[in-house]
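Participant: Input: one structure, supplied below.
Throughout, read-outs are computed from the coordinates displayed, never taken from laboratory work. Here the structure is a predicted model, which is why all the values come from computation and not from measurement. Here the Cβ is made from the backbone with ideal geometry for all residues, glycine too, and neighbour counts use every protein chain on show.
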Amino acid sequence: MSVKVYNTLTRRKEEFIPISQGKVNMYVCGPTTYNFIHLGNARPIVVFDTIRRYFEHKGFEVKYIQNFTDIDDKIIHKAQEEGISPLKLAEKYIREYEQDAKALYVKKADFHPRVSNHIPEIISMIKSLLERGHAYEVEGDVYFDVESYKDYGKLSGRSLDDLCSGARVEIDQRKKSPLDFALWKSAKPGEPAWESPWGKGRPGWHIECSAMSQKYLGVTFDVHGGGYDLVFPHHENELAQSEASTCRPFVRYWLHNGFITINQEKMSKSTGNFFLVREILSKYAGDVIRYFLLATHYRSPLDFDLNKLEESQKALERIKNTLRNLYEAQKRGPGKEVSLAGQVKDFQNKLGDFRLKLESAMDDDFNTALAIGILFDLCREINGAINNLGAASQFEEAMQEAWDLLTVFTQDVLGIISVTEITGSSLDADNDFVNGLMDIILSIRQEARAKKDWDTSDLIRDRLQAMGITVEDTPQGVRWRR
């Protein structure tokens, strides 16, 4: 079944047909590196990482580009406050971003281009816009002439008249129109600057992504992603200047994720209405945050509160427990010679049906919310099969099929579970030394429980928890996991 995506440009779902068969070229706007990322920044990072993963799951060769904006007014202002250079500040927060992204199980892009490393490409694109009559210079500044591009507004669905009447732009008498935007800004004291044909200066925000995306993906590429707040003006301006400079289509499919809100208000650093990912990670694991972000369809708004993270943690644990049950059942090996071949075959057929449902959900504009719901149905089916068919020798192959299906969608596609966390349990004999120590510790705890020495029992459990080891007392005995 083919993948369908909602294209912001056409405002409808379309069958995804890549420019080159079997290949997908994607560009996603990355962070402006002047602070830690907040949860609103994290949503597109996780969403488009998941979309990339699913394209790879479908067999596409994906070239994934995510930039770092390391030249920007906000970076300059923050650097002045901290008394360091803007590029040094940006470098600091790029490192912090990488730490948060890793905690959220986000795969590294094939390239993470930085604006500061692509000044020649930016200057070259500005030159082409001047040559084609789509830009003009004023006292060392270069502006894009919006009225020179007849299709301006087609991405956001706005007309020039509406945009002009509603423009909230500082009046600059040097500009032909209040909507004209800066391609190059003349140097100001204390700001980073580079030599150009128009004097020393630095690039405007929008031209940066156009130049970098075209360098790595070509004049026309498949997918451009970002948050819905970037549709206008950033992506609208990217589209206009890119097509004006090349006379070629810029992007085939524009994908945008919805806002994260707090009490129905958009999460934003500028209003102080935000939660830093780093702060949340001090209380919840990265997979819990990722689950929360994917449990709602990416185009829908997502309202945040800490109770929803608690719910996400419990829900994710249910999936992990199913994987643990499967892993333990596989470790026990083949069952008795019980003739349940018919029931096992029926279970395998159901697994096939679940695979089709999961593929169908993700094929329909990457509906992770529906896919997660299907995963819970799958977990119930697997747990029931383990209880009812676990004694059958024929069940071994079916368990492997269930394991493969569940791990492919939870780990490889959605990225909400790391299988090594499951296989790193006490039943994993790969680390005999650690397992031996844990056996000793848990036997001491069991003796304390037998003597009703609850203080010692709880102390051992809590100290292990502080080290990242969870101890569970189950009807089948004590169980631990990292």
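Participant: As I understand it, the value is the acute angle between the Cα axis of helix 306-332 and the longest principal axis of the Cα atoms of the chain; what does it come to in degrees, rounded to 10?
Facilitator: Approximately 50 degrees, to the nearest ten.
Participant: Shifting gears a bit: Which of the three applies to the stretch 1-153, rounded, prolate or oblate, going by the alpha-carbon gyration tensor with a ≥ b ≥ c and a/c under 1.5 meaning rounded?
Facilitator: Oblate shape, in that a/c is at least 1.5 and b/c is the bigger or equal ratio.
Participant: Using only Cα atoms and rounding to the nearest 10 degrees, what angle (0 to 90) does helix 205-217 make with the longest principal axis of the chain?
Facilitator: Compared with the principal axis, the helix lies near 60 degrees.
Participant: Calculated FRET efficiency, Arg380 and Asp161, Cβ-Cβ r, R0 60 Å, to nearest 0.05?
Facilitator: The calculated FRET efficiency here is 0.60.
Participant: Here is a further query. Only bridges with both residues in the chain count here: give the DSSP antiparallel percent, nearest 5.
Facilitator: Of the beta bridges lying entirely in the chain, close to 50 percent run antiparallel.
Participant: If you don't mind, there's one more thing I want to ask. Using the alpha-carbon atoms, what tilt in degrees (0 to 90, nearest 10) does helix 236-246 show relative to the longest principal axis of the chain?
Facilitator: For helix 236-246, the angle is close to 60 degrees.
Participant: Right, something else. Explain nothing, just the number: dipole magnitude of the stretch 305-387 about its Cα centre with +1 on each Lys and Arg Cβ and -1 on each Asp and Glu Cβ, in debye rounded to the nearest 20.
Facilitator: Result for the stretch 305-387 is approximately 540 debye, rounded to the nearest 20.
Participant: Name the aspartates and glutamates eligible as straight-distance cross-link partners of Lys13: C-alpha to C-alpha under 16 Å, and not fewer than 8 places from it in the same chain.
Facilitator: Reachable aspartates and glutamates: Asp222, Asp363, Asp364, Asp365.
Participant: Compute the Cα gyration tensor for the stretch 3-54, then decide on rounded, prolate or oblate, letting a ≥ b ≥ c be the square roots of its eigenvalues: rounded whenever a/c is under 1.5, prolate when a/b is larger than b/c in the other cases, and oblate in all that remain.
Facilitator: Note, shape of the stretch 3-54 comes out prolate.
Participant: A follow-up question, please. What pairs from Lys4/Lys108; Lys88/Lys150; Lys102/Lys345; Lys23/Lys102 go past 32 Å between their alpha carbons?
Facilitator: Those over the limit are Lys88/Lys150; Lys102/Lys345.
Participant: Based on DSSP, what percent of beta bridges with both residues in the stretch 1-151 are antiparallel, to the nearest 5?
Facilitator: 45
Participant: Assuming R0 = 35 Å, what is the FRET efficiency of Lys4 and Asn387, from their Cβ-Cβ distance, to the nearest 0.05?
Facilitator: Result of the calculation: an efficiency of 0.40.
Participant: Given the rule -39500 (n - 2.57) for each run of at least 4 DSSP H residues, summed and divided by the residues of the chain, what is its mean residue ellipticity at 222 nm, to the nearest 500 deg cm²/dmol?
Facilitator: -15000 deg cm²/dmol
Participant: Pairs of alpha-carbon atoms within less than 8 angstrom and 6+ residues apart define the contacts here; what relative contact order does the chain have, in percent?
Facilitator: The normalised contact order for the chain reaches 16 percent.
Participant: Take every Cα pair under 8 Å in the stretch 92-154 that's 6+ residues apart, average their separations, divide by the length, and report that relative contact order as a whole percent.
Facilitator: With pairs under 8 Å counted, the relative contact order is 15 percent.
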